[in-house]
Amino acid sequence: MNSSFRKKISLDKFINIFHCLTRILRNTFENEKAFRQEFLLSLSLVIVGFLIGETSMQKTLLILSIIFIPLSEILNYSIGSCADKMSFNNQNLSQKIKYIGSVAILLAITNAFITWIVILFF
């Protein structure tokens with residue numbers, strides 16, 4: 001059973017996708033101050049997490065808990081941008097969407113904090 005959706009991705013297409021994603025990441029890094037701060041802090045904490053973790057499971061948990069923070073910031077930025085573009089009349093809905101994105105960032109930071117505390121002290 002052949003599907004038109006199951007096409008092989010050639011190496012050129014994969015390189016183009018990677019180039020596009022790095023361009024978007026660079027653009028977000030240059031234009032979003034919060035993402036830039038969280039990305040640089042996350043980069044340093046990933047290195048520290050790799051050095052501090054004793055087992056491979058601890059290293060994985062420490063690193064992944066930190067990676068969720070800039071990931072949630074990117075999602076918050078994209079959802080907030082869409083909310084700004086789409087809601088001309090309903091300002092309350094746009095504000096509520098932005099608050100939900102901020103809560104996602106808070107949950108990612110809380111997750112990282114709890115993970116680091118549990119691994120380092122227990």
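Can you go through Ile105, Ile109, Ile119, Ile114 and tell me which one is in contact with a Leu (Cβ under 7 Å, 6 or more places away or on another chain), part of a helix (DSSP H, G or I) and either of a type in the set (S, T, N, Q) or closer than 23 Å to Leu45 by Cβ (or both)?
Selected residue: Ile119, the only one of Ile105, Ile109, Ile119, Ile114 that is in contact with a Leu (Cβ under 7 Å, 6 or more places away or on another chain), part of a helix (DSSP H, G or I) and either of a type in the set (S, T, N, Q) or closer than 23 Å to Leu45 by Cβ (or both).
Any residue in region 42-57 that is modelled with pLDDT under 90, touching a helix residue (DSSP H, G or I) at 6+ places or on another chain (Cβ under 7 Å) and in a helix (DSSP H, G or I)?
no
Return yes or no: is Leu64 surrounded by fewer than 17 Cβ atoms within 10 Å (Cβ to Cβ), closer than 23 Å to Thr115 by Cβ and touching a helix residue (DSSP H, G or I) at 6+ places or on another chain (Cβ under 9 Å)?
Considered against the rule, which asks whether it is surrounded by fewer than 17 Cβ atoms within 10 Å (Cβ to Cβ), closer than 23 Å to Thr115 by Cβ and touching a helix residue (DSSP H, G or I) at 6+ places or on another chain (Cβ under 9 Å), Leu64 comes out as yes.
Looking at Thr60, Thr22, which is the one that is of a type in the set (Ser, Thr, Tyr) and either modelled with pLDDT under 90 or more than 27 Å from Phe122 (Cα to Cα) (or both)?
One residue alone meets the criteria, Thr22.
Quick one: in region 67-102, which of the residues that are among the polar types (S, T, N, Q) and not in a helix (DSSP H, G or I) is surrounded by the most Cβ atoms within 10 Å (Cβ to Cβ)?
Ser87
Take Lys13 and tell me if it is among the charged types (D, E, K, R), modelled with pLDDT of 95 or more and either assigned to a helix (DSSP H, G or I) or more than 18 Å from the chain's Cα centre (by Cα) (or both).
It is false that Lys13 is among the charged types (D, E, K, R), modelled with pLDDT of 95 or more and either assigned to a helix (DSSP H, G or I) or more than 18 Å from the chain's Cα centre (by Cα) (or both).
Just the residues that are without any contact (Cβ under 8 Å) to a residue 12 or more places away in the chain and either of a type in the set (S, T, N, Q) or under 14 Å from Glu73 (Cα atoms) (or both), please, taken from region 90-99.
Asn90, Gln91, Asn92, Ser94, Gln95, Tyr99
Hey, any hits in region 81-100 for a residue that's under 14 Å from the mean Cα position of the chain (by Cα) and modelled with pLDDT of 85 or more?
no
The values are calculated or read from the model by the stated rules, or taken from the named source; none is laboratory data. These numbers come from a predicted model, not from an experiment. Glycine gets a Cβ as well: all are built from the backbone with ideal geometry, and neighbour counts include every protein chain shown.
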